[in-house]
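Each remark here refers to the structure printed beneath this line.
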Amino acid sequence: MPDEILYDRMKTIWTGTDERGEIIWNAVFLDFARYWGFQLRLCRLYRAQIKGKIESGVKYVRRNFLCGLLGREPANLSDFNAELRRWVAEVANQRVHGTTHEQVLGRWEEDRIHLQPIHRRPPYPYRDDEQRKVARDAYVAWRGSRYSVPWEYAGKDVWIREHGGEVDVRYGAERIAVHASATKRHQVLTQNEHHQGIPLGGSSRPGKTLIHIQQSAPVVERRPLDAYESLATGGSR
């Protein structure tokens, strides 16, 4: 594992900067980097020297390996991977790299002694959480269906995941809702306690609760018409 890795400005890596201009890293990816023990670096804007490095590698594989397969395409994925490994060993690793001007395999043997050993560490324990915004009616959308959450979280960003036949909704480290997974798309799953106590709320239709604040019209004093007539003529009553 390298000591440091430079990344492009993708939302899977960073989410913005704070008021001091400090980088706000994607929370899951920052935890991933800490788990493997490498430092994160973000490339500078409009810096031509570091742009296009990944794209160049993709172009090399496409133009040299994939184009070389035309007319003899592998029958399945296993054949494809075997052909790719052969090409890497016999072609890609044997070439002299255009930037380092050294043989790729030879440079790799020099670089690998400076990498951190991972000591057979198990894979990063990641589960596929996704961020969602809770709608104003206190529901969150997930894979074609809608799930209720406590109304206090309306308008807030939550994390949602599905595992073991359940949909789990969290706000930060707190679990705020758990539902059985929908059996088909376009279902609305509601737990009544999530919508209890909504201030001045009401139901517009089954399965959907509106959260709003009622505003009453101002109270106007009622006077007889002759009071206005007296005022207009300058008299008194």
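Distance between Cα centroids, region 26-91 to region 115-187: provide it in whole Å. Centre-to-centre distance over Cα atoms comes out at 30 Å.
Taking 7 Å steps out from each Cα toward its Cβ at N81 and E4 produces label points 3.5 nm apart. Here the chain exposes an accessible surface that is 53 percent carbon and sulfur, computed with a 1.4 Å probe and the other protein chains kept in place. Here the calculated FRET efficiency for K184 and E90, from their Cβ-Cβ distance with R0 = 41 Å, stands at 0.20, rounded to the nearest 0.05.
Considering only Cα-Cα distances, which of the following residue pairs are longer than 27 Å: K11/K156; K11/K184; K133/K184; K59/K133? With Cα atoms farther than 27 Å apart: K11/K184; K59/K133. Result for the chain in a Gaussian network model with C-alpha springs under 10 Å: among D137, D129, D18, the largest mean-square fluctuation is at D18. Calculated FRET efficiency, W108 to S56, Cβ-Cβ distance, R0 = 22 Å: about 0.80 to the nearest 0.05.
For S148, S56, the ranking by accessible surface with the largest value first comes to S56, S148, using a 1.4 Å probe.
Full extension of the chain segment joining R72 with A141 gains 20.3 nm, where the gain is 0.36 nm per residue of separation less the Cα-Cα distance.
The values are calculated or read from the model by the stated rules, or taken from the named source; none is laboratory data. Computed from a prediction, not measured in an experiment: that's the story for all the values here. Every residue, glycine among them, receives a Cβ derived from its backbone with ideal geometry; neighbour counts consider all protein chains shown. Areas reflect the complete protein model, heavy atoms only, side chains present, ligands, DNA and RNA absent. Shrake-Rupley method; radii C 1.70, N 1.55, O 1.52, S 1.80 Å.
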